[in-house]
Amino acid sequence: MDNIYLHTLDKTKCSGCRACEHACPVNAIKLTKDEEGFLYPAFDAEKCIDCGICHKVCPVSNPPVKEEIRETYSLQHMDEASLLKSASGGVFIGIAKEVIKAGGIVFGCIFNTSFEAITAETESIDGLEKMQGSKYVSSDTSDSFIRVKEYLEKGRTVFFTGAPCQVAGLKNFLRKPYDNLYTMDFLCHGMPSQTFFEENIKYLQNKHKGVISDYQFRDKTLKGWGHVTSYTINGKKHYEPGKLNAYFYGFINGYLNRYTCYECPFRGSKRASDITVGDFWGCDVNSIDTAKGVSFAAVNTDNGTKLLSDILKKQFAITPVTIARISKENGTINSEHKDCIPEIRKKIYKILYTLGFKATRKRFLIPKDYFIEKIVSLLPQKLKKTIIKTLKKL
């Protein structure tokens with residue numbers, strides 16, 4: 001039973017998906033947070049019967065069958081309200097609504113009242129709003145794999161959305177295909193820990209002397225599609241450009257990721273999901289107003305084709321595009337290249353653990369051009385775009 005975190009203690013071999021925990025027939029495995037706030041399995045040697053099931057279901061140690069991307073499209077939801085609440089083109093909400101209307105169940109990531117990112121389920125359209133929008137945190141799948149299996153065995157249609165490693169973990173946990181299961185992952189760039197995000201929340205609450213009631217990593221209301229973070233404290237909404245938000249700055253530069261993210265076996269053009277979605281940066285489709293957000297969708301399976309033909313064409317402006325066009329700004333869609341772990345990563349988590357978030361932010365998470373970015377952020381969006389276009393021509 002080599003090549004698995006349980007036995008090698010190699011953190012690059014575990015994504016924290018919980019497949020091993022839920023598959024263990026004697027409940028010998030339990031996931032707990034390490035000193036950085038990431039979930040890792042620990043096993044009870046007295047309970048363990050060496051059956052090897054944990055190894056079989058581990059998606060890193062034993063990857064599921066992955067399909068080559070078949071078709072790629074640009075998509076934008078035609079409903080303005082749905083588009084505004086989505087991080088980019090609104091693919092999730094479009095599919096999820098149709099699944100629920102047809103009597104199915106949707107699983108997706110939400111923030112609970114403590115701002116913990118968890119996989120939740122809903123059978124109501126109202127329950128989908130919390131699942132909308134990007135959440136750049138290492139989320140906890142909780143007992144969702146078990147719940148998905150229960151619904152599938154009852155013949156219910158399930159639409160499961162999550163990170164590529166979570167979809168792969170679910171597929172391995174189920175150990176057989178289900179025609180009534182539809183899965184969607186996203187183009188993932190790695191995930192910081194829940195603990196780091198919680199420290200970010202505490203820092204902002206102390207700074208503004210209040211309690212955060214809402215947090216959006218990608219808020220379109222101020223400057224449209226892009227990287228503007230917003231949070232609401234005591235009824236007042238605050239906006240920060242991504243580069244000026246310490247947590248987002250650390251995330252976008254890859255300083256805060258889980259160890260396995262740097263060697264992710266689920267990136268590239270072979271996917272475990274039915275559909276892969278992501279931001280279509282650099283989209284040049286003339287019929288789409290890219291300022292409002294646009295997604296790409298990669299179809300990987302027959303079920304993915306069914307979702308696209310039966311659901312998306314009813315609600316979306318769709319244009320076929322090549323994977324080459326998408327990969328210009330989204331290189332990980334067709335690259336299996338592994339990233340080096342930044343030297344700064346260990347320092348960041350060590351300082352966070354010993355001195356707290358404020359000291360960590362000051363030392364590592366303020367860009368050198370902070371004041372330039374601050375000035376640029378105050379410019380009107382149209383003027384900013386004009387300047388960028390002019391500079392590109394020089």
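Between 50, 279, 143, the Gaussian network model of the chain with springs among Cα atoms under 10 angstrom shows the greatest mean-square fluctuation at 50.
DSSP bridge analysis restricted to the chain gives an antiparallel fraction near 80%, rounded to the nearest 5.
Taking trypsin sites (Lys or Arg not before Pro) in DSSP loop conformation with at most 16 other Cβ atoms inside 10 Å as exposed sites, the chain has its longest uninterrupted site-free stretch at 210-327. Of the residues 95, 201, the one with the fewest other Cβ atoms within 10 Å heads the list, and the complete ranking is 201, 95.
Using the Cα centre of the chain as the reference point, and only Cβ charges (+1 on K/R, -1 on D/E), how large is the resulting charge dipole? Debye, rounded to the nearest 20. Roughly 1540 debye, rounded to the nearest 20. Take the chain and mark each of the GluC sites (Glu not before Pro) that is in a DSSP loop with at most 11 other Cβ atoms within 10 Å; the longest unmarked stretch, sites excluded, is 47-394. Can you compute the helix-only [θ] at 222 nm over the chain? Use -39500 (n - 2.57) per DSSP H run of at least 4 residues, normalise by all residues, nearest 500 deg cm²/dmol. Using -39500 (n - 2.57) per qualifying helix, the result is -9000 deg cm²/dmol. Among the listed pairs 154/314; 101/328; 270/314; 11/270, those with a Cα-Cα distance over 31 Å are 101/328.
What ranking do 227, 337, 77 get, fewest neighbouring Cβ atoms within 10 angstrom at the top? Numbers along the way, then the final one.
Values: 227 19, 337 8, 77 26.
Ranked by crowding around the Cβ, least crowded first: 337, 227, 77.
Remark: the Cα gyration tensor places the range 9-122 in the prolate category, a/c being 1.5 or greater and a/b exceeding b/c. Shape analysis of the chain places it in the oblate category; the axes a ≥ b ≥ c from the Cα gyration tensor give an a/c of at least 1.5, with a/b not above b/c.
With a ≥ b ≥ c the root eigenvalues of the C-alpha gyration tensor of the range 5-57, is it rounded (a/c under 1.5), prolate (a/b larger than b/c) or oblate? Prolate is the answer for the range 5-57, as a/c is 1.5 or above and a/b outweighs b/c.
Taking a straight Cα-Cα cut-off under 18 Å and skipping sequence neighbours fewer than 8 places away in the same chain, the aspartates and glutamates within cross-link reach of residue 350 are 34, 35, 36, 198, 199.
Read-outs throughout are calculated quantities, based only on the coordinates presented, and are distinct from any laboratory measurement. Just so you know, these numbers come straight off a predicted model, no measurement behind them. Here the Cβ is made from the backbone with ideal geometry for all residues, glycine too, and neighbour counts use every protein chain on show.
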